[in-house]
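The values are calculated or read from the model by the stated rules, or taken from the named source; none is laboratory data. All values reported here derive from a predicted model rather than from experimental measurement. With ideal geometry, Cβ positions are generated from the backbone for all residues, glycine too; neighbour counts draw on all protein chains shown.
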């Protein structure tokens, strides 16, 4: 249903939780290195959070963003989650198979990536006192909007 792109994830537990959500969505998870826990995606923490869903997950890993784009060329169907835009995640019209990007838990997506893709940056509304949501929660919020808009194809 949707492609979730995690750029340099730092926390294996979040990756496992997101992987479980992606299985429920019928989507694919794209993991772009470097990871915050080493290079081994099969580490027990990831599998623990993903429980018995990990073997049913469609997932891919890439050495860097350039390798990812070589296989998934960037276009207007790539959306970038950030706190640095005023366009809400529910504003765009999503299609089945769109790519949703989420950045490092400690830094978000790189500024140049956001600057070069202003039209497809999206944000989850929050009160001013909140800096951000946990990445696994943010993925769920945005990804289920794609499902909501395309429920007949789900």
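Things worth noting here:
- Search result, residues across the range 104-129 that are part of a loop (DSSP other than H, G, I, E, B), under 24 Å from residue 36 (Cα atoms) and out of contact with any helix residue (DSSP H, G or I) (no Cβ under 8 Å at 6 or more places or on another chain): 106, 107, 109, 110
- Positions within the range 130-139 being in contact (Cβ under 8 Å) with a residue 60 or more places away in the chain and outside any helix (DSSP H, G or I), in sequence order: 134
- Residue check, residue 91 in contact (Cβ under 8 Å) with a residue 24 or more places away in the chain, part of a loop (DSSP other than H, G, I, E, B) and more than 24 Å from residue 65 (Cα to Cα): yes
- Scan of the range 73-83 for residues that are more than 19 Å from residue 9 (Cα to Cα) and touching a helix residue (DSSP H, G or I) at 6+ places or on another chain (Cβ under 7 Å), ordered by number: 76
- Of the residues examined, residue 6 is one that is modelled with pLDDT of 95 or more, under 11 Å from the mean Cα position of the chain (by Cα) and crowded, with 18+ Cβ neighbours inside 10 Å.
- Lone qualifier among 112, 106, 91 - being in contact with a strand residue (DSSP E or B) (Cβ under 8 Å, 6 or more places away or on another chain), farther than 15 Å from residue 4 by Cβ and loosely packed, with under 14 Cβ neighbours inside 10 Å: 91
Residues are listed down the side, and each one gets a yes or a no for (1) assigned to a loop (DSSP other than H, G, I, E, B); (2) touching a residue at least 60 places away in the same chain (Cβ under 8 Å); (3) buried (at least 16 other Cβ atoms within 10 Å of the Cβ):
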{"residue": "10", "(1), (2), (3)": "yes, yes, yes"}
{"residue": "21", "(1), (2), (3)": "no, yes, yes"}
{"residue": "60", "(1), (2), (3)": "no, no, no"}
{"residue": "67", "(1), (2), (3)": "no, no, no"}
{"residue": "73", "(1), (2), (3)": "yes, no, no"}
